[in-house]
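Every read-out reported here was derived from the displayed coordinates using simple, explicitly stated rules and does not represent laboratory data. Just so it is clear, the model here is predicted, and its values are computed rather than measured. Cβ sites come from the backbone with ideal geometry, for glycine too, and all protein chains shown count toward neighbours.
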Amino acid sequence: MTPMIWLIILIICLVIEFIRIELIGACGAGGAVVGLILNILGFNPFLQIAAAVAVAVFMLIVVRPVGMKYVIRARHEKELLELEGRDAIVTVRIDNANNSGIVRIGNKNWSARSNRPNGIIEEGEVVTVIAMRKNEAYVDRKR
């Protein structure tokens with residue numbers, strides 16, 4: 001095998017990874033890098049392929065699950081940030097003193113609290129999402 005084949009495999013794996021970040025392409029790219037290094041060092045093609053497959057499988061089994069925890073967390077945080085500033089409808093009365101309240105943002109319900117201390121917002125009111133913390137919306141009456 002020539003180094004060009006390993007470079008092509010590496011580029012294909014990276015393109016796959018950039019299309020949808022699932023860390024599968026990254027595992028393949030890790031294997032391709034090992035194959036490329038072994039090729040440059042002059043190892044026979046069978047050993048290059050075996051090592052590349054072994055590294056890719058190892059990364060899929062060991063590295064990917066750990067990495068996906070961070071990817072999923074980052075996606076969730078991005079989702080929450082995108083909700084800030086949006087309008088919501090109070091579906092269950094918000095009462096900070098009783099730790100109760102639910103708002104509907106888009107097509108999903110979220111636990112909600114008033115952004116004001118001891119705030120109460122009645123059911124049916126339109127509010128604006130000020131902040132999202134964990135899975136809870138902090139809202140204020142729409143002005």
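For the chain, the 222 nm mean residue ellipticity estimated from helices alone, with every DSSP H stretch of n ≥ 4 adding -39500 (n - 2.57) and the total spread over all residues, rounds to -16000 deg cm²/dmol.
The slack in the chain from GLU122 to ARG104, taken as 0.36 nm per residue of separation less the alpha-carbon distance, amounts to 5.1 nm. Potential lengthening of the chain between GLU22 and THR91 amounts to 21.3 nm, from the contour at 0.36 nm per residue minus the alpha-carbon distance. Overall, the anisotropy analysis places segment 84-141 in the rounded class: the square-rooted eigenvalues a ≥ b ≥ c of its C-alpha gyration tensor yield a/c less than 1.5. Multiplying each eigenvalue of the alpha-carbon gyration tensor of the chain by 5 and taking the square root yields semi-axes of 53, 13, 9 Å, largest first, rounded to whole angstroms.
Ranking THR2, THR91 by Cβ neighbours within 10 Å, fewest first, what do you get?
Details: THR2 9, THR91 15.
In increasing order of surrounding Cβ atoms, one gets THR2, THR91.
The calculated FRET efficiency for the pair VAL66 and MET4, based on their C-beta separation and a Förster distance of 41 Å, comes to about 0.80.
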